[in-house]
1. Show the residue pairs that are 6+ apart or on different chains and have beta-carbon atoms under 7 Å apart, the first residue being within region 52-69 and more than 12 Å from the ligand (Cβ to nearest atom), the second being assigned to a loop (DSSP other than H, G, I, E, B).
2. What number of residues within region 30-40 satisfy the criterion of being of a type in the set (A, V, I, L, M), surrounded by fewer than 19 Cβ atoms within 10 Å (Cβ to Cβ) and closer than 17 Å to His58 by Cα?
3. Do you know which residues across region 79-102 are surrounded by fewer than 17 Cβ atoms within 10 Å (Cβ to Cβ), more than 9 Å from the ligand (Cβ to nearest atom) and in contact (Cβ under 8 Å) with a residue 40 or more places away in the chain?
Amino acid sequence: MKNSNRRVFMCQVVTASSAVLATQAMAQAKVDPKDAQAISLGYVHDTTKVDAKKYPKHAAAQKCANCQLYAGKPTDAWAGCPLFGAKQVAANGWCSAYAKKG
Ligand code: SF4
């Protein structure tokens with residue numbers, strides 16, 4: 001391999017690796033409970049930490065893993081939720097849009 005070809009090849013490898021890392025970072029980004037969207041929905045990573053006064057309809061058994069909108073398997077620790085775009089919510093999380101999986 002000529003030097004110039006090697007340089008082009010290495011550039012391609014670096015570019016491809018960066019794209020993969022960026023995609024993984026996006027796929028693994030987790031919802032920050034302090035994000036405006038999370039606050040407006042009352043999202044928490046731990047369903048036992050829900051403010052019972054603010055959300056009196058919340059029940060201990062409600063969590064993202066058994067919500068209709070949870071995009072992963074119930075056994076996945078984290079998965080997407082359409083309410084939070086590309087970010088992931090915790091299986092034990094909860095928000096006020098919770099809807100029991102039927
Ligand atoms: Fe969790 Fe469901 Fe709220 Fe999404 S809509 S954050 S899966 S409780």
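Computed from the coordinates by the stated procedures, all read-outs in this text should not be read as laboratory data. Since we're looking at a predicted model, the values are computed, not measured. Cβ atoms come from the backbone with ideal geometry, glycine included; neighbour counts cover every protein chain shown.
1. Ala52/His58; Lys54/Gly42
2. Here the count works out to 1.
3. Ala86, Asn92
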